[in-house]
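Worksheet: the structure to be examined is printed underneath.
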Amino acid sequence: MDYFRNVSYLISHIFLMLFIYLFVTHRYSKRKTIGICFSSFLILTITDCLKLNLFPDSSLCYFTVTLFQIFVTQFTGIFISGTRDGRVLFMGLTSSNYVIAGSIVAAVLHIYTGSMLFSLIGGLAIHLAILLFLYVKIRDIWLDCYEGESVKVWWELCLIPVFFYCGFSFLVIFPNSIYDYPPNSLGVCMFMITMFVSYVVVFRYVESEANRVGIYWKNVLFETYIKGLENQYYLVEQSEKNLKILRHDMRHYSNMIDSLLEQGEYEEIKKITAYIHKVTDDNKVIKYCENIVMHSILSQMMEKAAALDVDVILDVNIPKEIKVSDYELGAVVGNLLENALIYVKDFKEKEKRYVNVKVHCTQEHILIQTENECEEDVEFDLSTGLPKSRKGKMHGLGMQSVSAFSDKIGGNIGCYCEKGIFHVIVFAKF
């Protein structure tokens, strides 16, 4: 039995599961997630016995078992992750490459020192150093990058860890191991350094893309917010002007009413009072909710709906102080409402040009729901469950931002079409 390889592989599997556990958002409870990772670790360890101990000279067994272990590893990350898409696969493949780096260092030390204990301790130290460095420097950035990213980009980026993994496999393991050609150690180490440098570039690219998308949506939101405030200022200013005129003319209306009372012209008096009520109602400033940011954004959206001749039925209950970012909530509601307005604005039948919007935000939960007529089949993305945009790859970012907001607050998002009505529901319990 090759004790060095058995122990080295055992250590690698431990750190592999640690990487996946720490760098993937969790779908299940902490206890259940740890249980799943531990079960995968046991499967990897047991299958190691097949290729290392029971059939050590069988290339077919080694190849087949390794493919099975790769599947188990990547499936574990996807299974426990809160977002089952290319981001998880990228991190799972990346974890495998980082673990290979520690195993290679242990093998090189074993070749040149001949000490199994020293080599295993050295490999363990490298594993631990890489894990701690990435946990301290990268983990928060990586988890932030989970939000608002295009799935297509992540599927393309997955090619990077795949080719690095294949490169390591052909240089170190198959068809000849590093023990057969020890001088290759220097080249392998340089390849390992290249991998780390490449990942630094990738993470910087991912971070810059996340910042770019974030800045774009913040600009859109602030523009909507500012327009909403401008509209409110204009309405208040106009209302004050009209009410001043009304107050100025009240003396004349009062004299007219007194004169009509003396003449018994009660119907004319009713017309005057009705006119006064109409003027006051027309100049009443609508307050959609207590939260100033949401009120401004809703005001802007309602003005847009009026310009498009679309009826919006609002059911809004948002207090002044809420548990989520009011700017992010405003972006979500604005995106959903704008998407619905654009979709129904061209319907010929007036009764179909409507949008139902419900936003309830309490200390216990948040509920966002939109409903609108749907005249055509909606195609949904199988990986995200979101509707696919038919306008090209640069569209659909609004729904992605809604999905990112739902993930951030630990909520659920549902999109479906039923009996000609398209529904979007976002719900989170605090």
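Tabulated results
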quantity	calculated
Test: residue 103 is modelled with pLDDT of 85 or more, on the phi < 0 side of the Ramachandran plot and surrounded by 13 or more Cβ atoms within 10 Å (Cβ to Cβ)	yes
Sole residue being aromatic (Phe, Trp, Tyr), assigned by TED's automatic domain parsing to the domain that holds residue 15 and under 32 Å from the mean Cα position of the chain (by Cα), chosen from 112, 98	98
Answer from 58, 81 - the residue that is at pLDDT below 90, surrounded by fewer than 14 Cβ atoms within 10 Å (Cβ to Cβ), in contact with a Lys or Arg (Cβ under 8 Å, 6 or more places away or on another chain) and in the same structural domain as residue 142 (by TED's automatic domain parsing)	58
Single match in 191, 168 (criterion: touching a Gly at 6+ places or on another chain (Cβ under 9 Å) and at pLDDT 80 or above)	191
In segment 48-87, the residues that are hydroxyl-bearing (Ser, Thr, Tyr) and under 29 Å from residue 155 (Cα atoms)	62, 64, 66, 73, 76, 81, 83
For residue 325: the one exception among (1) under 30 Å from residue 430 (Cα atoms); (2) in contact (Cβ under 8 Å) with a residue 12 or more places away in the chain	(2)
Selection within segment 342-358 - of a type in the set (A, V, I, L, M) and either crowded, with 20+ Cβ neighbours inside 10 Å or closer than 13 Å to residue 423 by Cα (or both)	344, 355, 357
Count of segment 309-326 residues which are out of contact with any helix residue (DSSP H, G or I) (no Cβ under 6 Å at 6 or more places or on another chain) and in a helix (DSSP H, G or I)	0
Matching entry among 209, 223 (being exposed (fewer than 13 other Cβ atoms within 10 Å of the Cβ) and modelled with pLDDT under 80)	223
Candidate set from segment 38-75 (those that are aliphatic (A, V, I, L, M) and without any contact (Cβ under 8 Å) to a residue 24 or more places away in the chain); member that is farthest from residue 162 (Cα to Cα)	54
Members of segment 76-97 found to be over 24 Å from residue 172 (Cβ atoms) and either free of Cβ contacts under 8 Å to residues at least 12 places away in the same chain or not basic (Lys, Arg) (or both), listed by number	78, 79, 80, 81, 82, 83, 85, 86, 88
Residue tally, condition more than 15 Å from residue 22 (Cβ to Cβ) and not in a helix (DSSP H, G or I), over segment 103-143	2
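The values are calculated or read from the model by the stated rules, or taken from the named source; none is laboratory data. If you're wondering where the values come from, they're calculated on a predicted model, not measured in any experiment. Using ideal geometry, Cβ is built from the backbone for each residue, glycine included, and neighbour counts are taken over all protein chains shown.
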